[in-house]
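Before any comments, here is the structure.
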Amino acid sequence: MDNTTVVIVGAGVAGLTLGNFLLRHDIGCVIVEKHSRAYVEQRQRAGTIDTRGVRMFRRWGLDEVVEGDPVDQQSGFFVDGEELPLDFAEDDNSESVFCPQQVLVRNLTDVYLRDGGDLRFEAADVTLHDLTGEHPVVSFGGTALGCDYIAGCDGDRGVSRASIPDGHLTRHSHEYGYAWLSVLAETPTKPSGMAIHSRGLAGLIPRGPGASRLYLQCRLDDTVEAWPDERIWAEIEARFGTPPATGRILDKRLVPLRSVVYSPMTYGRLHLLGDAAHIVPPMSAKGINLALNDAEVFANAVIQRVRTGDPSLLDTYSETCLRHIWNYQAFATWITDLMHDAGDATYAGEFRKQVARAELQRQFTSEAASKLFGELTAGVN
Ligand SMILES: Cc1cc2nc3c(=O)[nH]c(=O)nc-3n(C[C@H](O)[C@H](O)[C@H](O)COP(=O)(O)OP(=O)(O)OC[C@H]3O[C@@H](n4cnc5c(N)ncnc54)[C@H](O)[C@@H]3O)c2cc1C
């Protein structure tokens, strides 16, 4: 049986970032991914890497993976069809870049393979064994890999979290009670931003030249079939109060909005990273931020353990990540509640709109608040 220090399950943002960090420090690792390279590299989701993420890659000498365009700060907030006259604070420190998730994944894969990394695509039936022993094993398609640690980076529906026996993890979750119809369209983004309206929230966000993501708040029991293309464009126009640029619709799906955290993020020698351990609602656009933070905390912990024998960072991995995660869940809950016209009927409608208008104006006009808010919202998209 082959052996390595860390087997990383999943070649998404968390797994590939971790793999690159470990490779740079000569720590043995193998990434095991169930899909093909082509499949992984075309999955379109997030669009922006926030300042925190850009600086993190720079610290690890990986600036090249986030080479993108500086974020266009022109996205605005609309209430009842009118753009809020927000005096966006100048943020000279912002280094957010427009770098679609599939571009980041492709860049991370290229650099990892170029630098000699071991990545097994199309790994069938990945199975985790002996998680609480000294030497866990990951098997797939007739191969078995022994290791010191397993990094479970295989998302919300992967095998890693599912391998933890019942009773060891607590699932903390919050359902917001509504969904987004998430649409990918071949069109310039005009207008650009998020709209609060009695009909529900709408979003129009750039995803590269001539591509946009459209979001429409809808009911949890809605269906994609109920949203023919014409209805989508009409609803965007109604909620933004202005006709949008239109184009070919490439993809439509329903995403229920929820916040989830699994605790602890460690079971024996298995450590969970990214979406395998937590989900934030897309309104906050912080999924990437959390996945990158987990990868950095775990990489530092393994490097310390291998170099000096000191296990203290590994022992506190879960605690360290959870502090960061809850901070961002607090922000995600706040911005999601603020932007949606839902919930208790006495608090919805006109009252909610006025509160949202006041909150957005307050956050962007007080220097201290906008600094904090700007740091957290640098990636909101
Ligand atoms: C529609 C949508 C829009 C989003 N928009 C944003 C946004 O604007 N900003 C933002 O920050 N975040 C956004 N997110 C969230 C963001 O995409 C995720 O938080 C991020 O992808 C998490 O990275 P990850 O590496 O943990 O998981 P993933 O990117 O899901 O990677 C997991 C990998 O594991 C692989 N895998 C799964 N099962 C197995 C298995 N059994 N064996 C081996 N490999 C396996 C998968 O194929 C995949 O490659 C969005 C998500 C969605 C769905």
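Shape class of the stretch 81-179 from the alpha-carbon gyration tensor: oblate, with a/c at 1.5 or above and b/c at least as large as a/b.
Centroid-to-centroid, using Cα positions, the stretch 229-276 and the stretch 179-199 are 11 Å apart.
Between the listed residues Val54, Phe78, Val261, the Cα displaced farthest toward the positive end of the dipole of the chain, a dipole computed from Cβ unit charges relative to the Cα centre, is found at Val261.
Note on the stretch 167-223: dipole from Cβ charges, positive end direction compared against Gly177, Pro206, Thr223; the farthest Cα belongs to Pro206. Estimated from the Cβ-Cβ distance and a Förster radius of 30 angstrom, the FRET efficiency linking His168 and Arg323 is about 0.90.
Taking the Cα centre as origin and putting +1 on Lys and Arg beta-carbons and -1 on Asp and Glu beta-carbons, what dipole magnitude results for the chain, to the nearest 20 debye?
240
Ordering Cys321, Cys218 from the fewest to the most neighbouring beta carbons within 10 Å gives Cys218, Cys321.
Want the number for Met1 to Asp130: 0.36 nm per residue separation, take away the alpha-carbon distance, what's left?
45.0 nm
Sorting the segments 306-319, 40-53 by their residues' average number of neighbouring beta-carbon atoms within 10 angstrom, most packed first, yields 40-53, 306-319. As a rough guide to protection, the peptides 274-280, 2-8, 156-162 ranked by mean Cβ packing within 10 Å, highest first, stand as 274-280, 2-8, 156-162.
Beta bridges from DSSP with both residues in the chain: antiparallel share about 70 percent, rounded to the nearest 5.
Given the options Glu83, Glu33, Glu175, state which has the largest fluctuation in a GNM of the chain using a 10 Å cut-off (strictly under) for Cα springs. In this elastic network of the chain, the residue with the biggest mean-square fluctuation among Glu83, Glu33, Glu175 is Glu175.
The simple spin-label model puts a point 7 Å past each Cα toward its Cβ; for His25 and Thr143 those points are separated by 2.4 nm.
Result for the chain in a Gaussian network model with C-alpha springs under 10 Å: among Asp337, Asp294, Asp26, the largest mean-square fluctuation is at Asp26. Charging the Cβ of each Asp and Glu at -1 and of each Lys and Arg at +1, and nothing else, the dipole of the stretch 190-234 about its Cα centre rounds to 260 debye.
Under a 5 Å amide H cut-off, with hydrogens placed 1.01 Å from N, Asn3 pairs with Gly146 among residues at least 5 apart or on other chains. Taking label positions 7 Å along the Cα-Cβ direction at both Ser94 and Gln354, the computed distance is 3.0 nm, reported to one decimal. Charge dipole of the stretch 217-297 (Cα centre as origin; +1 on each Lys and Arg Cβ, -1 on each Asp and Glu Cβ, all else neutral): 200 debye, rounded to the nearest 20.
With the helix formula -39500 (n - 2.57) applied to DSSP H stretches of n ≥ 4, the chain reaches a computed 222 nm mean residue ellipticity of -10500 deg cm²/dmol. Among Ala356, Thr127, Trp326, which residue has its Cα positioned farthest towards the positive end of the charge dipole of the chain, with +1 placed on the Cβ of Lys and Arg, -1 on the Cβ of Asp and Glu, and the dipole taken about the Cα centre? The residue sitting farthest along the positive end of the dipole is Thr127. Here the simple spin-label model places points 7 Å from the Cα toward Cβ, and for Asp221 and Asp251 these points are separated by 2.9 nm.
A short reminder: the numbers here are calculations on the coordinates, not readings from a lab. This is a predicted model, so every value here is computed, not measured. Counting neighbours? That spans all protein chains shown, and the Cβs are built from the backbone with ideal geometry, glycine included.
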